[in-house]
Structures are given as structure tokens and as C-alpha cells.
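The values are calculated or read from the model by the stated rules, or taken from the named source; none is laboratory data. Since this is a predicted model, take the numbers as computed values, not measurements. Note that we place each Cβ from the backbone using ideal geometry, even for glycine, and neighbour counts take in every protein chain shown. Heavy atoms of the whole protein, side chains included, go into the accessibility calculation; ligands, DNA and RNA do not. Shrake-Rupley method; radii C 1.70, N 1.55, O 1.52, S 1.80 Å.
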Amino acid sequence: MRKTAVLAAAALAAVGWFSYEIWRMEAATAGSPEVDPAQPVSRRYIALTFDDGPHPVYTPMLLDGLKERGVKASFFLVGDNIDGNEEIVRRMAEEGHLIGNHTSSHVQISKIPMEEAVREIQETNEKLESLTGNAPEYVRPPYGEWSDELGERLRMEPVFWNVDPLDWKVLDAEKVYRHIVKHAEDGSVILLHDSYETTVQAAFKAIDTLEKQGYTFVTADELLVD
Ligand SMILES: [Zn+2]
């Protein structure tokens, strides 16, 4: 009895080995399913965007941390907040961040006449051009309200977002950080505001975690171009 069992087991093992060999040969003919080390792992890109600045304290704090980490971000500035913070704007440009327009006085475009909206954006464009030498090409419309007519008249592209941790309301670095990391995916545009220390802390922590997961931080314009 015992000998029969051993023989049966040996037969089964032989059949198993042959099946494995056939599978291996087929797999080899079809091409290896394993990852080719010569091929780069597909990269994932993400953009951090900061609205409502510059802030005299928290924006420089943010710029320091971004510089340390070698990360570029996008800043959509409110024209009225530029006054007195001109050096911060020059620094943003020098350090390679994208500078966009967030209107002069944070207006809700649907609630004002078209001419006023045009003026709100143009005035901030002029201010930014005189400081950095470049007129912004991108606008983050406050409250996400935009119109094609405005885009055509100003020849500017709106930049919206797809991850919103409500940092201005939450005011808790850990919660903001967790929201970003949970919702981040390839192509995410994260909406933040550099007017809060909690946001600056959350951004640094999110960068450190997401870089370990293989993300590369880019400016928002790089995600708009296919
Ligand atoms: Zn805003």
C-alpha cells in the first residue's frame, strides 16, 4: 500500500513537472511576463498649486522648503496681495515656480460685468510682468468660475484642480496631508493656499511621502500639455 502511494505521488509530481516545463516554454516563446529592468518604471506626475498669496510669512517659509526638496510649484497670486511682497514674487520666478493670476481682489467672475473681470485680471498681469519680466499665461479663477469669452479676450488658460483638501477651512496639517496623500494620482492638481502655516507643513509632508511613492512634482502647465 505504502509503495503504491509513493509511486502515485511520484507520478503526480512528474506530471506536474512536465506541465510546468510546457508552461515555461510557452511563456518563453510568448515573451517573459517579468518586468524588464531596462525599461523605466512609468512615472507619475502631480502639481501643487497655491492660491491667494503671496503671504509675507508663510510664502517664504513654503519657498524655503520647496527649494530644499528641489520641488517646483504653481502660485496663483492675488494682485492686491503683491503690494509690499514684491521680493517674494521675484524669488518665486527666480526659483522656477509657475506664477499665475488669481485676479486683483479675488472677485467672483459671474457676479461682475465682463469689463470689470477683464480689468481685474489685466491689472494683475501688468503687475506680475513688471516684476518678473513675463506676463502670466495661466489664471486660476476664484471659486472655479470662468467663461470662454474671458479666455478668448485675455488669451489665457484657466487652471482648475481635482484634489481639494479645503485647507483654508480644516486648518489642520495632519488632516490636509492625509487628504492629499489619499486622493493623489497621476495628473492630480492639488488646490492649496499659502496663507496658512498648517498648509505649508501639510505640503512638505505630502511631498516627502509622495516622492517615496514615485511621484514627480511639476508645475501645473506641464500637466495641461499632453
Ligand atoms: Zn482664492
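Key figures
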{"quantity": "Relative packing of 179-188, 50-59, which averages over residues the other C-beta atoms within 10 Å, highest first", "calculated": "50-59, 179-188"}
{"quantity": "Contour minus Cα-Cα distance for ARG44 and TYR143 (0.36 nm per residue)", "calculated": "32.9 nm"}
{"quantity": "Where GluC sites (Glu not before Pro) fall in DSSP loop in the stretch 35-120, at most 14 other Cβ within 10 Å", "calculated": "GLU95"}
{"quantity": "Square roots of 5 times each gyration tensor eigenvalue, C-alpha, the stretch 57-163, largest first, Å", "calculated": "24, 15, 12"}
{"quantity": "In Å, descending, principal axis extents of the Cα set of the stretch 121-226", "calculated": "40, 31, 27"}
{"quantity": "Whole-number Å³ per residue for the convex hull built on Cα positions in the stretch 86-147", "calculated": "80 Å³"}
{"quantity": "Listed residue pairs exceeding 23 Å between alpha carbons, taken from LYS111/LYS175; LYS67/LYS182; LYS175/LYS205", "calculated": "LYS111/LYS175; LYS67/LYS182"}
{"quantity": "Where the stretch 106-226 is the region considered: accessible area per residue in Å², 1.4 Å probe", "calculated": "54 Å²"}
